[in-house]
2 protein chains.
Amino acid sequence: MTDTSVADAARRARSAANTLATATRADKDRALLAMADALVDGTPEVLAGNEADVAAARAAGTAAALVDRLSLNPDRIAGMADGLRQTAALADPVGEVVRGSTLPGGLELRQIRVPFGVVGIIYEARPNVTADAAGLCLKSGNAVLLRGSSSAAQSNAAIVAILRSAVSSAGLPADAVQLLDASSRDSVKELMRARGLVDVLIPRGGASLIKSVVEDSTVPVIETGVGNCHVYVDAAADLDMALSILLNAKTSRPSVCNAAESVLVHESVAEAFLAKALPALRDAGVTVHGSPEVVAAGGACGVPVAAATEADYAAEYLSLDLSAAVVPSLSAAVEHIRRYGTGHSEAIVTGSLAAARSFVSTVDAAAVLVNASTRFVDGGEFGFGAEIGISTQKLHARGPMGLPELTSTKYVVTGDGHVR
Amino acid sequence: MTDTSVADAARRARSAANTLATATRADKDRALLAMADALVDGTPEVLAGNEADVAAARAAGTAAALVDRLSLNPDRIAGMADGLRQTAALADPVGEVVRGSTLPGGLELRQIRVPFGVVGIIYEARPNVTADAAGLCLKSGNAVLLRGSSSAAQSNAAIVAILRSAVSSAGLPADAVQLLDASSRDSVKELMRARGLVDVLIPRGGASLIKSVVEDSTVPVIETGVGNCHVYVDAAADLDMALSILLNAKTSRPSVCNAAESVLVHESVAEAFLAKALPALRDAGVTVHGSPEVVAAGGACGVPVAAATEADYAAEYLSLDLSAAVVPSLSAAVEHIRRYGTGHSEAIVTGSLAAARSFVSTVDAAAVLVNASTRFVDGGEFGFGAEIGISTQKLHARGPMGLPELTSTKYVVTGDGHVR
C-alpha cells in the first residue's frame, strides 16, 4: 500500500466488494488456491521482509516470546498456505437461504446470506493473521482492509503484495485485499471513523487495543475476546474427571483466551478435590491464588497457595496462574462468574442433570460447557473449519466466528404485481 | 421512575433480566396478558397523563400532525393492549436451537437463543411505542430501559406505572420495565455510555436522533431505518403493473420509511411509462422532481415536473414528493441506487428473469423486491407478528426485526470428561 488515505482505500475496497459479491464459489476458490501457491512460491520474499522486521524487533529489545510470534520460517509460510487451501474447501456462506416462506398473499419471501462488503481488521504482531483474514474475507465475499502492527510491516507488505497479485491473476480485483499504513496511529483512527465506507471492524489483539476500538469506533465493531474462564467443580462432580478437565483447561495452552483462569469448588467436595488437585497443579507448574479455604487446604497437603485478591479473581492471567475459591452452592458459583467472568467460556463438572441444567441456563457466556474443557471453544474444534476470532459481545455473533459470521443477510421478496 | 441515575436503573434491570432469562413462556405470557388487561383498566389514568402532554404540546405551538401522533384515546389504548396480546401469542424465541451437531470426539454442540439481557430504547413522541417495546422485550426475556421523549413524559409515566404493576402481579420483577427521566439529555448520554450495563441500544425516530446515537454510543447499537427507497421500471416491465406498484409504494402511506421516494425508468420504456405515470401521479397529489428527460415528458403530457437536484435524489421526503430519473440500463439504475439509496428497500418491476436476478444480486439493501411494492417490507407483512423497528445496518439484524432479532445466542457443549 502507498500512503493514500484510508478513505481512498475503502472506496477501492467497495468497488472490489461489488465484484466479489457476485463472484461464484468457483471464482473465489480459484483465487484462494492461487493465493496459497503464490505464498509458497514467494517464500524468499516473505522471509526477507520478515527478517527485516525481526532484526528491528531485536534491535528494539523486544521480548523473546514476541519475537517468536513475529518470526516466520518456510514451515510457517506453508501453514499459512494450507490455511488458505482449507478455506477454499469450506462451503460458500453467500447465497445460503437462512429462512423463507410464502406469505398469505402469495409473495415469496427469502432471507439470504450476503457479504458485509468492506471489513476492516486491526491486529497485532502475528503475520499469519494477514493470510488467514484475507482468505476468510475473500471466501465470504468481502473486501478487507488489513491494519497490522508496525512491528510486522515488512512481513505484511510482502505477504499482501503476493496475495494481491494472486487474486488478480485469478480474475478477481486485487483491491479485495489491501494493507493499510501501519506506521502511524492515524490509519486506525481513520478506520474507526469510516462509517459508511467500512461495514464492520474486527479488532484482534490485547485488551487495550480492543477497548480503544470498541469505545472510539463509529463503524460497527465485533469485539473479540478476553477470556477469564472458570471451571466449577460441583457437589456431584466426578473428582477425577474434574481434575483432568481443570488440568487440560489450565495447562494445555495457557496463553490463549479459552484457557481456564479460575477454579470454583463446591464446599462439600472441596477438601477431597483440593487434596488431589493442589499437588497435581503444582506438579504441572501452576501457581494457585486461593481463597482462605484453599490456602488452608494447601497447608494441609504441603502445597503453598498464595492468598487471592480481587485482582486475582478478575485476572486473565494467560500464564500458569490460577485463582481458586470454595463456594457454598452452585448459585454462589454462578454469582462469582457473573461478577468476575468476561462472558467467554464457563465450564461445570457434575454428574447431576439438575445442576447442569441450572448452570447452563443461568450462566451468561458465549459458551457454557458441561463435563468438557473450556479449550474446546474454538472454531476449528466446533467444526467451522476456520475462525476469524471469538466474539464476546452479544450483537451479531457470539463465540467462535466462522464464515457465516462474516456475512449479513438480505430479504428478497418476489411477487407478480403485489401492492398493499 | 425517580431521578436515580441510568446506571442504577441498569443495575436493577440486570437483576430483573437474570430472572427473566429463565422465565418460562407461560410466565411471560401471563405477564403480557396482565399488562394488556391493566392498560385497558387504567385507561382513565393514561388519558389524564396524555391530556397533560397534549395541552403542553398545544401551548408550545407544536404542529397539528405531531400533536395527533402524541394523542391517545380509548381506541388507541385498546390497540396497545391488543398488541400485547398478540405478542403473547407469538412463539418464545428463547431456547430455540439455532444449530447443533455431535462433534467428531462425541461432544454435543448446540447453539441456542438467549436474551440479550438489558435493552435500551430511545424513541420519539408516540406513546404506543412504550407498550410495544415493553411487550416485545419482555417476551424475548430482556429487561428494557425506555427513554421516551419529554413531550410524552406524562403519558409514558402513566403507561409504565400500569405495566410495572401488572408485571409484578404476574410474578415477574417490575424492574423488567423501567422508564428513564426524559426531562434532560443526560439520560440519553448516560445510556449511550453504559457499556457493560446495557447490552444493546435501539434508537427509533428521526434521522438526527439515530445519527447521534450511532456516532456517540459505546453500547452496541442497532440502527433503524432511514428509507430512500426506489422503484426501478425495467425495459421488460409490464407498465400497468409498474404504475400500480409505484402508486402504492409512493402514496399508500407517504410518511413511513418503506414508502418509495424515487422512480427510475429504463430509457426504452420511459416515454410510454411517463406518459401514463405522470398524469396518474399528479391525480394522486404527487409532486415529481425529475431529470431533464422527465421534465420533457411532463411537458409533452401537460404535467408540470420540477427539475431534480442532487438533494432530491438523496431525499427521504416522507411526503407526496417523488424524484424521477431516466436511466440507460439496469446497471445504471443499480449505480444510482448505490449512490443515493439508504440500503432500506429497493424494487424492480420486470418480466425478465435475467433482469430480476441481476437486480437482486447487485443491489445492496435490507430488502430487494421483484414485482412488489416496497410497502411490504414490514414485520407484520413478513409474518413476524410484531416489529421493534427496521434495521438498515448489516450487523446482527437487517430489515424488519421481530422477536428473534431481540436475542443473542449461547453455545452449549456437553461431554463426559472431554479434554483436548
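The values are calculated or read from the model by the stated rules, or taken from the named source; none is laboratory data. All of these numbers come straight from a predicted model, not from anything done at the bench. Using ideal geometry, Cβ is built from the backbone for each residue, glycine included, and neighbour counts are taken over all protein chains shown.
In segment A:134-154, of all residues being small (Gly, Ala, Ser) and surrounded by 24 or more Cβ atoms within 10 Å (Cβ to Cβ), the one that is farthest from the other protein chains (Cβ to nearest Cβ) corresponds to A:152. Got at least one residue in segment B:307-329 being within 22 Å of the chain's Cα centre (by Cα), closer than 22 Å to residue A:11 by Cβ and in a strand (DSSP E or B)? Within segment B:307-329, not a single residue is within 22 Å of the chain's Cα centre (by Cα), closer than 22 Å to residue A:11 by Cβ and in a strand (DSSP E or B). I'm trying to understand the selection: among the residues of segment B:396-414, which are without any contact (Cβ under 8 Å) to a residue 60 or more places away in the chain and within 7 Å of another protein chain (Cβ to nearest Cβ)? Across segment B:396-414, the qualifying residues are B:398, B:399.
Across segment A:371-379, a minimum of one residue is classified as in contact with a Pro (Cβ under 8 Å, 6 or more places away or on another chain) and without any contact (Cβ under 8 Å) to a residue 60 or more places away in the chain.
What residue, among those in segment B:357-370 that are in contact with a Lys or Arg (Cβ under 9 Å, 6 or more places away or on another chain) and touching a residue at least 24 places away in the same chain (Cβ under 8 Å), is nearest to the other protein chains (Cβ to nearest Cβ)? Within segment B:357-370, the match that is nearest to the other protein chains (Cβ to nearest Cβ) is B:367.
In the condition set (1) surrounded by 22 or more Cβ atoms within 10 Å (Cβ to Cβ); (2) within 8 Å of another protein chain (Cβ to nearest Cβ); (3) not aliphatic (A, V, I, L, M), residue A:374 is compliant with all but (2).
Consider residue B:199 carefully, then state whether it is farther than 30 Å from residue B:314 by Cβ, within 20 Å of the chain's Cα centre (by Cα) and in contact (Cβ under 8 Å) with a residue 40 or more places away in the chain. The answer is yes for residue B:199.
Of the residues making up segment B:322-359, those that are under 19 Å from residue B:273 (Cβ atoms) and charged (D, E, K, R) number 1. The residues of segment A:163-181 that are under 28 Å from residue A:54 (Cβ atoms), surrounded by fewer than 20 Cβ atoms within 10 Å (Cβ to Cβ) and of a type outside the set (Ser, Thr, Tyr), listed by number, are A:174, A:181. Taken together, A:351, A:385, A:417 contain a single residue that is assigned to a loop (DSSP other than H, G, I, E, B) and either within 10 Å of another protein chain (Cβ to nearest Cβ) or more than 22 Å from the chain's Cα centre (by Cα) (or both), which is A:351.
Results for (1) in contact with a Phe, Trp or Tyr (Cβ under 9 Å, 6 or more places away or on another chain); (2) in contact (Cβ under 8 Å) with a residue 40 or more places away in the chain, shown as yes or no for each residue.
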site: B:263; (1), (2): yes, yes
site: B:281; (1), (2): no, yes
site: B:289; (1), (2): yes, no
site: B:296; (1), (2): no, no
site: B:300; (1), (2): no, no
site: B:306; (1), (2): no, no
site: B:311; (1), (2): no, no
site: B:324; (1), (2): no, yes
site: B:330; (1), (2): yes, yes
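The set of residues from segment B:106-131 being at pLDDT below 95 and either surrounded by fewer than 24 Cβ atoms within 10 Å (Cβ to Cβ) or within 14 Å of chain A (Cβ to nearest Cβ) (or both) comprises B:123, B:124, B:125, B:126, B:128, B:129.
Taking the condition buried (at least 18 other Cβ atoms within 10 Å of the Cβ), in contact with a helix residue (DSSP H, G or I) (Cβ under 8 Å, 6 or more places away or on another chain) and within 11 Å of chain A (Cβ to nearest Cβ), does residue B:326 pass? So residue B:326 fails the test.
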